[in-house]
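Here the structure comes first, spelled out in structure tokens, and everything after it is commentary.
The values are calculated or read from the model by the stated rules, or taken from the named source; none is laboratory data. Quantities reported herein were computed from a predicted structural model and do not represent experimental measurements. When we count neighbours, we look across all protein chains shown, and the Cβ atoms used for this are built from the backbone with ideal geometry, even at glycine. Surface accessibility is based on the protein's heavy atoms, side chains included, excluding ligands, DNA and RNA. Shrake-Rupley method; radii C 1.70, N 1.55, O 1.52, S 1.80 Å.
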Amino acid sequence: MKNFKTEVLENIKLGRDIFRIKFKPQFAVARPGQFVEVLCAGAGAPFLRRPFCIHRFDGEKGICEILFRRVGRGTEILSNLKQGDMLDITGPLGKGFEPQAAQHHFIAGGGMGIAPLLFLAEELYGKCGSVKIFLAAKTAAEIPCQDIFKQFGEVILSTEDGTAGEKCLIDTPLERALKTAPAAPAIYACGPHGMLRCVAALGAKYKAHTQVSLEENMACGLGVCQGCAVEVKNKDTKYKMVCKEGPVFNAEDIVW
Amino acid sequence: MVKVNLAGLELKNPVMSASGTFGYGEEFAEFFDLSLMGAVVCKTITLKQREGNKPPRIADFSGGMLNSIGLENKGAEYFVQTALPFLEKYDTKVFASIAGNDAGEYGALAARLSAEPRMHAIEINLSCPNVTHGCGRGLFCQNAQTSAQIVAAVKAAAKKPVFAKLSAMVSDITQIARACQEAGADGLTLINTLPAMMVDLKTRKPAVGNASGGLSGGCIKPVALKTVWDVYRAVKIPIIGSGGIMNANDALEFILCGASAVQIGSANFVNPLACKEIAEGIEEYFQKNNLRDITQLRGQLKI
Ligand SMILES: Cc1cc2nc3c(=O)[nH]c(=O)nc-3n(C[C@H](O)[C@H](O)[C@H](O)COP(=O)(O)OP(=O)(O)OC[C@H]3O[C@@H](n4cnc5c(N)ncnc54)[C@H](O)[C@@H]3O)c2cc1C
Ligand SMILES: Cc1cc2nc3c(=O)[nH]c(=O)nc-3n(C[C@H](O)[C@H](O)[C@H](O)COP(=O)(O)O)c2cc1C
Ligand code: FES
């Protein structure tokens, strides 16, 4: 991990309140599921850095992207950045997804949980077996990069209001696919806590190895402050730190 | 170099980490050479491992942050076996920070650690707002007599300099500070986080799982400065200033108010190079102003 200052190469609005920032990373290697801590500077800026998953990464070309939703002052400040503005970044942080040696891979993203999954889909694509990508949100406008996802596997959409794909939550198409899968697939999921709990339960029911990427408020992002605790089923410690031992965990290890 | 003599302990510069914001230094060693620091103060340890409080444990706003960690740590043995061997590689002083449920536990920790040559001093955490003490009487340091008892127990067991870390949330800080001095404390660390709350109006819930927590960051600096200034005039033992130090100028303000050294806390989260940059900034200020010794600035506030 490194701390560095770098220029915004591009900041594109992809939908209402959804933005994608591109910058040149000063690290050559990153794993899907890892994240960066971004300093939000300016009037009324929050005190602490804000964590964002790595959305796309190309170490050779020197390109890194984050995809985020504007929800508060920190993300508002980032949404206003222009090409050439400076970013202060620490990363890459945390442990990413571990690709499983399965024949079928199911990727499940809810809301902004899709952010780290493009990088993952790209990695899984062509490597081993088939990739099915389940993307879900409240409404169609909140699933910004479905076309790019389509390059890396079959995309199955669902929205709460029916404006894209099926009108349902993500568990409906996911369970249907799990039921008919010839062999247990590996599941990789990111999204709101409730959705992940649901995906974890489905994974357990169909004996699919399930990894989930969790969120918790962070201070250091480095594993020093014990701030981002998540309760785990573990004999030695009650809590693990999302920033260092996660953000990706095996779903069966989490106390849901 | 702006050397500092802290109760007989020589630091190469006045910059130390604040307990709980630096772990045992391992993660920050990836960003800079820890040998550039005057001292590393480790995360507070207890005799046995502690789980810590219910999440969420962190909240923030523009002026600072709230934490309700609850002294999660792996216990004294882990510290001796992991942190001390790691820190031995660096040319810096190592402070252990200790907490217990009563004077007996504090004394036992001091006795265990004093056998370790790789630890140079002990900081007694009397002021964590995130744990309720056995007696249910708030922070230990809110009572002069309790503070003195704990300091005396640690002094009796420790062969190294002992610093008592106090809170500003007391009726008369000079009274507590004097009680610690009389009980044998070699120095004081001022201040710990301030007990505080943040509330989410949308969910009508407190921002952290433990309802309240400790406030730190830039917003507490004015409180910390006054505490240091008040205590500086009331005791003879050296003071380590802590609270909202974000840059070298903040650190120099503490020295002006009477601090012999400073601790960098929440700033480490904002800028992982904070300790290194603040040490460099202090050095630069001393050179520019032809100051040769810290005593030329310490407590020299013009009133
Ligand atoms: C490891 C990790 C990776 C993350 N990756 C991404 C990512 O790739 N893209 C992304 O958009 N976000 C991501 N997040 C969430 C992101 O960090 C927060 O949205 C951000 O910190 C909000 O900062 P703010 O200052 O704008 O809002 P704050 O002022 O902190 O919060 C404003 C309001 O928004 C609410 N809020 C905060 N976070 C969220 C959230 N995640 N969803 C909904 N409401 C929220 C708060 O409760 C509050 O009411 C990630 C979080 C973690 C821990
Ligand atoms: C996340 C966090 C954890 C802390 N843990 C401890 C601790 O274990 N022991 C202790 O004495 N102080 C602890 N503190 C207090 C700091 O050491 C410091 O005194 C305080 O944060 C004020 O300084 P600052 O404003 O520079 O952060 C902690 C502070 C924070 C923010
Ligand atoms: S945010 Fe500090 S330990 Fe995870």
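Provide a single number: the residues in region B:264-303 that are free of Cβ contacts under 8 Å to residues at least 60 places away in the same chain, open to solvent by 10 Å² or more (accessible area, probe 1.4 Å) and of a type in the set (G, A, S).
1
Residues that are in contact with a Phe, Trp or Tyr (Cβ under 6 Å, 6 or more places away or on another chain): which strands (runs of 3 or more DSSP E) entirely in region B:143-216 hold 2 or more of them?
Of the strands (runs of 3 or more DSSP E) lying wholly inside region B:143-216, those with at least 2 residues that are in contact with a Phe, Trp or Tyr (Cβ under 6 Å, 6 or more places away or on another chain) span B:187-190.
Need at least 3 residues that are away from ligand 3 (no atom under 16 Å from the Cβ) per element, so show me which strands (runs of 3 or more DSSP E) inside region A:170-256 make the cut, counting only ones lying wholly within it.
Qualifying strands (runs of 3 or more DSSP E): A:186-190, A:210-213.
For the structure I just gave you, tell me whether A:Y188 is of a type in the set (S, T, Y), away from ligand 1 (no atom under 12 Å from the Cβ), open to solvent by less than 30 Å² (accessible area, probe 1.4 Å) and under 23 Å from A:A101 (Cβ atoms).
It is true that A:Y188 is of a type in the set (S, T, Y), away from ligand 1 (no atom under 12 Å from the Cβ), open to solvent by less than 30 Å² (accessible area, probe 1.4 Å) and under 23 Å from A:A101 (Cβ atoms).
Within region A:234-256, track down each residue that is within 14 Å of chain B (Cβ to nearest Cβ), free of Cβ contacts under 8 Å to residues at least 40 places away in the same chain and open to solvent by 50 Å² or more (accessible area, probe 1.4 Å).
If the condition is that a residue be within 14 Å of chain B (Cβ to nearest Cβ), free of Cβ contacts under 8 Å to residues at least 40 places away in the same chain and open to solvent by 50 Å² or more (accessible area, probe 1.4 Å), then A:N234, A:K235, A:D236, A:K238, A:K240, A:V255 are the ones that fit.
Which strands (runs of 3 or more DSSP E) sit wholly inside region A:18-120 and have at least 3 residues that are open to solvent by less than 40 Å² (accessible area, probe 1.4 Å)?
A:18-23, A:35-38, A:63-69, A:86-93, A:104-110
For residues that are in contact with a Ser or Thr (Cβ under 8 Å, 6 or more places away or on another chain) and within 16 Å of ligand 1 (Cβ to nearest atom), tally how many sit in region A:197-221.
Summing the residues that are in contact with a Ser or Thr (Cβ under 8 Å, 6 or more places away or on another chain) and within 16 Å of ligand 1 (Cβ to nearest atom) in region A:197-221 gives 3.
Check whether at least one residue in region B:222-239 is closer than 23 Å to B:Y285 by Cα, buried (at least 20 other Cβ atoms within 10 Å of the Cβ), within 18 Å of the chain's Cα centre (by Cα) and within 16 Å of ligand 3 (Cβ to nearest atom), and report yes or no.
Looking for residues that are closer than 23 Å to B:Y285 by Cα, buried (at least 20 other Cβ atoms within 10 Å of the Cβ), within 18 Å of the chain's Cα centre (by Cα) and within 16 Å of ligand 3 (Cβ to nearest atom), one finds none in region B:222-239, hence no.
Which one of these does B:G213 not meet: (1) modelled with pLDDT of 95 or more; (2) open to solvent by less than 10 Å² (accessible area, probe 1.4 Å); (3) not basic (K, R)?
Here B:G213 clears every test but (1).
Take the residues of region A:202-233 that are open to solvent by 60 Å² or more (accessible area, probe 1.4 Å) and more than 16 Å from ligand 2 (Cβ to nearest atom): which is nearest to B:F61 (Cα to Cα)?
Filtering region A:202-233 down to residues open to solvent by 60 Å² or more (accessible area, probe 1.4 Å) leaves A:204-205, A:207, A:209, A:215, A:217, A:231, A:233.
After this cut, where a residue has to be more than 16 Å from ligand 2 (Cβ to nearest atom) as well, the list is A:204-205, A:207, A:209, A:215, A:231, A:233.
On the way: A:A204: 39, A:K205: 42, A:K207: 43, A:H209: 39, A:E215: 19, A:E231: 25, A:K233: 32 Å.
The extreme case among them is A:E215.
Would you list the strands (runs of 3 or more DSSP E) that sit entirely within region B:1-103 and hold 2 or more residues that are more than 19 Å from the chain's Cα centre (by Cα)?
The qualifying strands (runs of 3 or more DSSP E) are B:58-61.
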